[in-house]
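Here, each number is a calculation from the coordinates, and none is a lab measurement. No experiment lies behind these values; they were computed from the predicted model shown. Cβ atoms come from the backbone with ideal geometry, glycine included; neighbour counts cover every protein chain shown.
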Amino acid sequence: MSDAGRFYNVLRAYVGREWERVKDLDRKLALEELEQASPSSTPRVPTDPPTTKNPLSEEELEAQARKILGVELEDDFSIVRRQFDRLNERSKPENFPDNSPEREVAKQLHARVKWAFTYLSRNVSETTRRFGSLEID
């Protein structure tokens, strides 16, 4: 590969990374603006995942877990895993400033995402969990 080609690829990667950073900043500013406009409507997400005292049936719990991850009933484990990875990364509390309300909401959302993935993967074999999302060319 020529030096010009290498330079082009490096520049393209840099611009792409910066573009994603700008979009994330824009998204964060929009969320802050929304919260300032309506301070009383801070979302409250339960920190405790559903337990045995919950009167929901297995079907309702699965539907709730699928709704949290944004997957359909016919989606296979690789799609569930991909959605979990995406949401898990986005809801990490470390992505938000210390002692901020956003961090607290992120902790709650992170716990819900982890519960949903654990619930949906409870019947998946260990082999599928480990190797199901590998892409082999």
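Quick notes on this structure:
- When each of the peptides 109-117, 20-28, 69-77 is scored by the mean number of other C-beta atoms lying within 10 Å of its residues, the order from highest to lowest reads 109-117, 69-77, 20-28.
- Backbone HN-Hα couplings from phi across region 88-93 [Karplus 6.51/-1.76/1.60, Hz, Gly and Pro as x]: 4, 5, 6, 9, 5, x
- Derived scalar couplings ³J(HN,Hα) [region 111-123; Karplus, 6.51 cos²θ - 1.76 cosθ + 1.60; whole Hz; x for Gly, Pro]: 5, 5, 5, 5, 4, 4, 5, 4, 5, 6, 9, 5, 9
- Tensor-based shape of region 1-41 (alpha-carbon gyration tensor, a/c under 1.5 rounded, otherwise prolate or oblate): prolate
- Listed values for region 69-77 are Karplus-derived 3J(HN,Hα) couplings in whole Hz (6.51 cos²θ - 1.76 cosθ + 1.60, θ = phi - 60°), namely 7, x, 10, 8, 4, 7, 5, 8, 4, and x replaces Gly and Pro.
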